[in-house]
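In what follows, a structure is listed as structure tokens, so that the remarks can point back to it.
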Amino acid sequence: MAYKHGIYTSEQATSLVSMTQTDSGLIVAVGTAPVHLASAPVEANTPVLCYTYKEAVAALGYSDDWDKYTLCEMIKTHFALFNMAPIVLINVLDKTKNAHKTTQAKSFDITDGVVTVTDPMLIDTLEVKASSEAATPYVLDTDYTAAYNEDGEAVITPIAGGGISTEATALYLSYTLLNPQGVANTDIVGGINITTGKAEGLELIDEVYPRFGIVPGIIVAPGWSHDTAVSAVMKAKEHNICGHFNAISICDIPTDTVKTYTQAGAWKNNNNFADKDCLLCWPMLTLGGQKYHMSGQLASLMNYTDSQHDDIPYYSPSNKSLQADGACLEDGTEIFLNSSQAAYLNGQGIVTALNFIGGWKAWGNRTTVYPSNTDTKDNFVNNRRMFNWVGATLVTSFWAKIDEPTNKRLIETIVDSANIWLNGLTAKGALLGGRVEFREDENTTTDLMDGKLYFHVYMTPPAPARDIEFVQEYDPDYISTLFA
């Protein structure tokens, strides 16, 4: 060490850690998209993080045919109806899979100078000839142009002076088209492709945080989550994401077979829907003549509600306004529940829609674990989300401390930093109280020798005020005011 004579300064790391603000409800939606309409298409089974409607449409395309292209419903719900961002979209409609595409070759009439194809054509596979017997095809951008119109239809236009005769009345087209009806629940479920070794479908949820650095908070699959095979995997994937995080999943009860509120309760019980991190919805919603799955609207409503409270999920989405002008079944039959019927569904652990005071609102605070599990930590939606969110924040905030020396300074830094953060949440009203302790009885000598530390987190999110009652009584003592 060099010889010193005088006054010197040095610095050391701050003993308090700034807590990482994790997204409270990043939605991950899995489904199908009209990729033939995308201007900057991404490969199937690739998570896409979108902050704008324009980004989503460029990557995945857009169509109002939500029965075939289920992610388009989520795109419109999240960006257009609730004006929220971001969202992660995973399209499983794969134009390279034989089951997801088919070929077509037939003659089309030229009408008003163009050929219009309503099939979901992949333009890059198009071949145009004068007839089926013609040996040589026409040349793109020399003899004709091909593009999609605003309705998603492919329009083939002969070029003046090109090889297509002005007297021609028809063209023979050969092309590949998407077959969204070929997508099965197994595609949504996904897994690991044994050929490529890559994850697909819901299995890609584990890639969201490594790709984008944002923790998944809500898993949805509108148009698919009523399928029990899909919902079972959604419930499995919501736990232990990347080995560290928990999310919630939101599923729908099928409204083509479940047509009354009493049947909805029976369906839930018959299909083993008791899960602390899962929400179940019935029926569907309508707005401007379009039908919406309630799971998608509820997810975006949670995002909107969180955004009004510093992105902390301590407010329940119940009694918050949906973007709806009605409720319905799959066949369009209108559904009007009174408050007692809606309360029955809530008592079965089902979220519904109620038009009582202030328009159509989400109604219900319970996860599907209710009523079989009465632990308030597990059966209230906001409590469940708060535990998931606090857990994710602790993981991301203190990850940098992994592999540091297990000494007093490390322990005090973690305890002090976490407690200051929890005190701030308490002052805000997001918690009734919270603290972190490093307890001697929970940290054995052998565990500490092996580098294992256990910190005990105590926290109490406020329960939603689900039942407010006023007791009225006639008080005869006020008769005396007549003589005052």
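The values are calculated or read from the model by the stated rules, or taken from the named source; none is laboratory data. Fair warning: this is a prediction, and the values are worked out from it, not measured in the lab. With ideal geometry, Cβ positions are generated from the backbone for all residues, glycine too; neighbour counts draw on all protein chains shown.
Results for (1) on the phi > 0 side of the Ramachandran plot; (2) among the basic types (K, R); (3) touching a helix residue (DSSP H, G or I) at 6+ places or on another chain (Cβ under 7 Å); (4) not in a strand (DSSP E or B), shown as yes or no for each residue.
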{"site": "A80", "(1), (2), (3), (4)": "no, no, yes, yes"}
{"site": "D94", "(1), (2), (3), (4)": "no, no, yes, yes"}
{"site": "A105", "(1), (2), (3), (4)": "no, no, no, no"}
{"site": "L126", "(1), (2), (3), (4)": "no, no, no, no"}
{"site": "P137", "(1), (2), (3), (4)": "no, no, no, yes"}
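Output the number of the condition that V92 fails; it satisfies all remaining conditions of (1) closer than 30 Å to A221 by Cβ; (2) aliphatic (A, V, I, L, M); (3) loosely packed, with under 13 Cβ neighbours inside 10 Å. If we test V92 against (1) closer than 30 Å to A221 by Cβ; (2) aliphatic (A, V, I, L, M); (3) loosely packed, with under 13 Cβ neighbours inside 10 Å, just (3) comes out false.
Here A146 meets the list (1) closer than 24 Å to T70 by Cβ; (2) surrounded by 16 or more Cβ atoms within 10 Å (Cβ to Cβ) almost entirely, failing just condition (1). Within segment 412-420, identify whether any single residue is in the same structural domain as H78 (by TED's automatic domain parsing), modelled with pLDDT of 95 or more and of a type in the set (S, T, N, Q), and answer yes or no. Checked segment 412-420: no residue is in the same structural domain as H78 (by TED's automatic domain parsing), modelled with pLDDT of 95 or more and of a type in the set (S, T, N, Q). Going by what's in this entry, would I411 be described as more than 24 Å from N246 (Cβ to Cβ) and either surrounded by 12 or more Cβ atoms within 10 Å (Cβ to Cβ) or touching a residue at least 12 places away in the same chain (Cβ under 8 Å) (or both)? Judged against the criteria, I411 is a match. A single member of A147, A154, A199 is hydrophobic (A, V, I, L, M, F, W, C), under 30 Å from N240 (Cα atoms) and touching a strand residue (DSSP E or B) at 6+ places or on another chain (Cβ under 7 Å), and it is A199. In summary, helices (runs of 4 or more DSSP H) completely within segment 370-484 and bearing 2 or more residues that are over 23 Å from D306 (Cβ atoms) occur at 408-428, 445-449. Against the conditions (1) outside any strand (DSSP E or B); (2) in contact with a strand residue (DSSP E or B) (Cβ under 9 Å, 6 or more places away or on another chain); (3) in the same structural domain as N272 (by TED's automatic domain parsing), A168 satisfies every one except (3).
Would you pick out the residues in segment 64-117 that are of a type in the set (G, A, S) and in contact (Cβ under 8 Å) with a residue 60 or more places away in the chain? Those that are of a type in the set (G, A, S) and in contact (Cβ under 8 Å) with a residue 60 or more places away in the chain: A99, A105, S107.
Looking only at segment 419-437, how many residues end up being in contact (Cβ under 8 Å) with a residue 60 or more places away in the chain and in contact with a strand residue (DSSP E or B) (Cβ under 7 Å, 6 or more places away or on another chain)? Spell out how you get there, then give the answer.
So in segment 419-437, the residues in contact (Cβ under 8 Å) with a residue 60 or more places away in the chain come out as 420-421, 425, 428-431.
Checking which are in contact with a strand residue (DSSP E or B) (Cβ under 7 Å, 6 or more places away or on another chain) leaves us with 425, 431.
Residues flagged as in contact (Cβ under 8 Å) with a residue 60 or more places away in the chain and in contact with a strand residue (DSSP E or B) (Cβ under 7 Å, 6 or more places away or on another chain) within segment 419-437 amount to 2.
Of the numbered criteria (1) closer than 18 Å to I253 by Cβ; (2) out of contact with any helix residue (DSSP H, G or I) (no Cβ under 8 Å at 6 or more places or on another chain), the one T368 fails is (2). Kindly check whether there is at least one residue in segment 362-376 that is aromatic (F, W, Y), closer than 26 Å to A247 by Cα and in the same structural domain as W282 (by TED's automatic domain parsing). Yes. Would it be correct to say that L287 is surrounded by 24 or more Cβ atoms within 10 Å (Cβ to Cβ) and either under 22 Å from G332 (Cβ atoms) or modelled with pLDDT of 95 or more (or both)? Criteria not met by L287.
Summed over segment 239-256, residues that are crowded, with 24+ Cβ neighbours inside 10 Å and closer than 17 Å to E203 by Cβ total 2.
With respect to V369, determine if the residue is surrounded by fewer than 21 Cβ atoms within 10 Å (Cβ to Cβ), modelled with pLDDT of 95 or more and either small (G, A, S) or within 25 Å of L432 (Cβ to Cβ) (or both). Answer is yes for this residue. Being modelled with pLDDT under 95 and closer than 24 Å to K291 by Cα holds for only one residue in T125, T77, T118, and it is T118. Just one of the numbered conditions (1) more than 18 Å from I218 (Cα to Cα); (2) surrounded by 18 or more Cβ atoms within 10 Å (Cβ to Cβ) is not true of E43: (2). Within segment 183-213, if we keep just the residues that are modelled with pLDDT of 95 or more and β-branched (V, I, T), the residue that is surrounded by the fewest Cβ atoms within 10 Å (Cβ to Cβ) turns out to be T186.
Counting only helices (runs of 4 or more DSSP H) wholly contained in segment 261-355, the ones carrying 2 or more residues that are free of Cβ contacts under 8 Å to residues at least 40 places away in the same chain and over 18 Å from the mean Cα position of the chain (by Cα) occupy 261-270, 339-347.
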